[in-house]
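Read the structure below first, then the notes.
The values are calculated or read from the model by the stated rules, or taken from the named source; none is laboratory data. Not measured: the values here are computed from a predicted model. Cβ coordinates were reconstructed from backbone atoms using ideal geometry, including for glycine residues, and neighbour counts include every protein chain displayed. Side chains included, ligands, DNA and RNA excluded: accessible areas come from the protein's heavy atoms. Shrake-Rupley method; radii C 1.70, N 1.55, O 1.52, S 1.80 Å.
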Amino acid sequence: MSDSSDDAAFSSAEREAIRERLAAERAETSARIAALNREFEAIVASHALVAVDDEHDPEGSSTAFERAHTAALLTQARDHLIALDEALERLDRGGYGRCAVCGEPIPAERLEARPTATTCVRCATAHPR
């Protein structure tokens, strides 16, 4: 699927606009990861010297939740960064905007909403993750 005929789906100006959008979203995601890393480290550091008993300390459960919540957001952001890198690779290879399942073009509206989409709506619905 990564032959040069896939490139015909987008003009060079459209490919450049897609690249710029993906790069901007990548920069935002990298900044979010850095901020979440700082937040996570601050949570850990603020409780490192305190003996927190999550089970009996009224603040302990909220600390554990806060730490878990921040860790989950960090995981999501890292996964999104990987998806953005993969989308940029598909753009370079000429496969961006093609469904990985059926090979049909992914509608522009879907790519606008989810620029890292790898499947069309039909295939995404038929093969949920």
Using 0.36 nm times the number of residues separating E104 and E20, minus their current alpha carbon distance, what extension gain do you get? 27.9 nm
By accessible area of protein heavy atoms, probe 1.4 Å, what ranking do H127, H80 get, highest first? H127, H80
Could you calculate the contour length gain from E89 to H47, that is, 0.36 nm times the residue separation minus the distance between their Cα atoms, to one decimal place in nm? 11.0 nm
Residues with amide H under 5 Å of R98's amide H, sequence separation 5 or more or different chain, H placed in the peptide plane at 1.01 Å from N; which? I106
Say each of D79 and T125 gets a label point 7 Å from the Cα, pointing the same way as Cα to Cβ; how far apart are those two points in nm? 2.3
Burial ranking of peptide ranges 37-44, 91-98 (average Cβ count within 10 Å, highest at the top): 91-98, 37-44
